[in-house]
Amino acid sequence: MWGDAALVAGKDLRIEMRSKVGVNQVVPFAFVVLVLFAFALDPDRGVLDRAAPGLFWVAVLLTSLLAIQRSFALEAVDGSRDGLRLSGLDPAGIFLGKALAVAVQLLVLEALLLLGVAFLYGTALRGFGVLVLTCVLATAGLAGAGTVYGVMAAGLRVRETLLPLLVLPVLAPVLLAATRAFEAALAGTPRAATGWLGLLGCFVALYTFVGVFGFGTLLEEA
Amino acid sequence: MSLAVHLRSAVCLLGRFPALAGVDLDVRSGEVVLLAGPNGAGKTTLLRALAGLVPMVDGTAIVLGHDLRRDRRSVRRQLGLVGHTTSLYDDLTVADNVRFTVRAAGGSVDALESTLQSLGLAGRLRDVPVGRLSAGQRRRTALAPLLIRDPELWLLDEPHAGLDPEGRDLIDALCSDARRRGRTVMVASHDLERVGALADRQVTIAGGLASLAPTPQESSGVG
């Protein structure tokens with residue numbers, strides 16, 4: 001299973017590096033979202049600084065939709081999904097590999113967005129341990145749940161419009177918990193993040209379980 | 001001789017439409033079988049069903065000794081399908097695509113270079129992204145994992161389509177080599193003369209039903 005996951009993740013990441021879609025489109029999109037928030041909210045009154053955790057995770061959430069759609073768009077071209085089904089790969093390995101590739105891309109994006117938040121919103125970054133742990137858990141949750149719903153929508157002609165409708169409500173707990181954990185870290189009260197990190201951990205465990213045991217059926221039936 | 005494919009009253013639905021409506025078919029191990037029939041008859045559906053890509057909803061389907069309806073994965077490990085689509089990733093090179101597909105099937109890529117050479121894909125072409133290849137070169141690339149893996153059952157759907165004369169001759173040679181090695185080859189094609197000359201038997205699909213027919217060679221009393 002882990003060997004298959006590494007193979008699939010390596011393939012997806014190699015495609016992303018070659019196509020440069022992430023660098024040329026996904027990252028700029030995330031920064032445009034950050035800048036639009038800055039325009040919409042008046043920076044003079046400190047609103048941006050207070051709202052920075054929520055704005056950061058909304059930007060990540062919206063961008064994760066692009067990454068998830070992109071992950072399954074790769075398999076929609078020229079029968080690649082059939083190739084994946086015929087490949088003999090463990091479906092759990094395919095799930096973990098695709099989720100891992102999405103997660104790696106999102107983690108790089110989050111590192112860049114954190115710098116963007118500090119620069120554009122003037123937010124002082126504190127509590128790095130909690131920030132990093134929150135990013136890792138929330139990213140695992142976004143990638144895991146996104147991969148489960150991504151494969152469900154993959155076989156449908158309306159997948160581009162359906163995926164956000166399916167995924168955004170499901171990811172609401174990630175947005176909430178990650179935002180609260182970030183607020184605690186940035187406020188200098190990292191202990192207040194414990195419960196929210198626990199919620200993120202439960203979310204990751206739930207969708208990892210669903211993906212590992214249900215991805216094969218979803219891949220065949222979608 | 002053992003049976004590579006044994007179908008009895010096999011039914012496949014595409015949506016609510018019965019694309020295969022109770023197919024009976026036996027294919028012996030080591031045979032080359034030509035699947036003939038008009039467009040929409042069910043040739044592609046039959047090949048995809050044997051690969052477990054289209055579910056059989058009724059009937060008996062034993063492929064390479066495994067019950068296809070219960071144990072799809074075991075069947076898939078022992079077959080290779082080259083269909084209308086190539087299942088290649090446009091942004092990966094020829095070599096990367098082949099390497100991924102072979103490794104995914106648990107195979108060794110030791111024969112990668114020699115196989116690409118035999119398909120006319122060595123040299124500069126091996127490192128070209130597949131998205132930049134011609135249709136014929138893509139089809140050659142799609143054949144490479146099949147040649148390296150050399151599975152028990154080869155399912156080829158219109159393998160000559162889009163290939164130049166040299167490529168078509170190459171397909172013929174590959175099918176002949178596969179039979180010599182005892183592989184079972186099922187080829188769906190409209191080129192009855194060319195594939196019929198290679199085939200041991202012809203199966204005609206019409207309206208989702210299969211019937212045996214002599215090959216053009218047998219019809220003309222040759223061989």
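Here is the size of the protein assembly as shown from its Cα atoms: Rg then Dmax, 25.9, 93 Å. Each residue of the stretch A:26-41 was assigned a 3J(HN,Hα) from its phi angle through the Karplus curve 6.51 cos²θ - 1.76 cosθ + 1.60 (θ = phi - 60°); the sequence is 6, 4, x, 4, 4, 5, 4, 4, 4, 5, 5, 4, 4, 5, 6, 9 Hz, with glycine and proline shown as x.
What range in chain A is the longest one free of trypsin sites (Lys or Arg not before Pro) that are in a loop by DSSP and have at most 13 other Cβ atoms within 10 angstrom? Please list the in-between numbers first.
Numbers: sites that count: A:Lys20, A:Arg126, A:Arg157.
With trypsin sites (Lys or Arg not before Pro) excluded where exposed in loops, chain A gives A:21-125 as its longest stretch.
For chain B, the longest piece that avoids every one of the trypsin sites (Lys or Arg not before Pro) found in DSSP loops with at most 15 other C-beta atoms within 10 Å covers B:71-180. Between A:Ala111 and B:Ala197, the FRET efficiency estimated from the beta carbon spacing at R0 = 56 angstrom works out to 0.35. Extending 7 Å from Cα along the Cβ direction at A:Phe31 and again at B:Ser2 yields two label points whose distance is 6.1 nm. Applying 1/(1 + (r/R0)^6) with r as the Cβ-Cβ distance of A:Arg18 and B:Asp26 and R0 = 56 angstrom yields a FRET efficiency of 0.75. The reciprocal of the average 1/r between distinct C-alpha atoms defines the Kirkwood hydrodynamic radius, which for chain B equals 17.8 Å.
Under the Kirkwood approximation applied to all pairs of distinct alpha-carbon atoms, what is the hydrodynamic radius of the stretch B:65-188 in Å? Show your work: numbers first, answer last.
Details: mean 1/r = 0.0678 Å⁻¹.
Over the stretch B:65-188, the inverse of the mean reciprocal pair distance is 14.8 Å.
Using 0.36 nm per residue of separation minus the Cα-Cα distance, give me the extension gain between A:Thr161 and A:Ala38 in nm, one decimal.
Details: separation 123, 0.36 × 123 = 44.28 nm, distance 2.70 nm.
Length difference between fully extended and current span is 41.6 nm.
Label positions at A:Met1 and A:Phe213, each projected 7 Å from the Cα along the C-beta direction, are separated by 1.1 nm.
Cβ-Cβ distance of B:Ala135 and A:Val58, R₀ of 41 Å, FRET efficiency by 1/(1 + (r/R0)^6): the value works out to about 0.40. Once the other residues with Cβ under 10 Å from the Cβ of B:Ala111 are scored (Lys, Arg +1; Asp, Glu -1), what is the net sum? Net local charge, B:Ala111 excluded: -2. The stretch between B:His190 and B:Arg73 holds 39.1 nm of extra length on full extension. This uses 0.36 nm per residue minus the Cα-Cα distance.
Close amide-amide hydrogen proximity is noted between B:Gly22 and B:Ala10, B:Val11, B:Cys12, each under 5 Å apart and 5 or more residues distant or on a separate chain (H modeled in the peptide plane; Pro and chain starts excluded). Dividing the convex hull volume of the alpha-carbon atoms in the stretch A:2-221 by its residue count gives 113 Å³ per residue. Counting only Cα atoms, the stretch A:159-212 measures 42, 24, 10 Å along its principal axes, largest extent leading.
Readers should treat all values here as calculations from the given coordinates under stated rules, not as data from a laboratory. Fair warning: this is a prediction, and the values are worked out from it, not measured in the lab. So basically every Cβ, Gly included, is an ideal-geometry build from the backbone, and we count neighbours across all protein chains shown.
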